[in-house]
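Here is the structure we will look at.
Since every read-out is calculated from the coordinates, none of them should be taken as a lab result. Quick caveat, the model's predicted, so the values are computed rather than measured. Ideal geometry is used to build each Cβ from the backbone, glycine not excepted, and the neighbour counts take in all protein chains shown.
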Amino acid sequence: MLFHEVQALRQWHGRIVLALPPAALLFIAIQQIVFHNPWSHPPMTNGSVIFLTVLLLAVYFRLITVRLVTDLGSAELSIGLRGLWRSRRVPLMAIHSATAVQYDPATEFGGYGIRSSARGMAYIASGNRGVEVELIEGRKLLVGSQRADELADKITRAKKAVR
């Protein structure tokens, strides 16, 4: 492994928004089960309320543990949101160039995560630095990285070694 980086999605506002549905259902569960105050007419069974609450809490904890993992091997670059999405593998032979760049995630890509824009595909976890990978076919791929200069340099070196 020539390069390995794991980044957490650290946007606190995203965690709050994701926490709202399980928190609301937890409130409903407490109202119905503890205080015997049914929520709807006809009321859901206590088992259904508990099941949905546990399900939403599990989904919430799954989503907040998602990580952007970037791996550079001797033959390919692998980028993926571990725990949510499959990794994308890009053979080094398909890469034309790699350049460390600075960008604005909100205005240029619409936020964090896996994004698509006029600039190309982007994998962004946090920050405003990354590596813009230009593929031989002309498409571009942005990989967010806290160590963008190092990643760009290692991609360039690995590409030369593959030739």
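The figures follow:
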| item | result |
| --- | --- |
| Members of segment 55-112 that are farther than 30 Å from V17 by Cβ, surrounded by 15 or more Cβ atoms within 10 Å (Cβ to Cβ) and out of contact with any helix residue (DSSP H, G or I) (no Cβ under 9 Å at 6 or more places or on another chain) | V90, A94 |
| Scan of segment 61-79 for residues that are free of Cβ contacts under 8 Å to residues at least 60 places away in the same chain and more than 16 Å from M1 (Cα to Cα), ordered by number | F61, R62, L63, I64, T65, V66 |
| Residue in segment 128-143 that is surrounded by 15 or more Cβ atoms within 10 Å (Cβ to Cβ), within 18 Å of the chain's Cα centre (by Cα) and polar (S, T, N, Q) present | no |
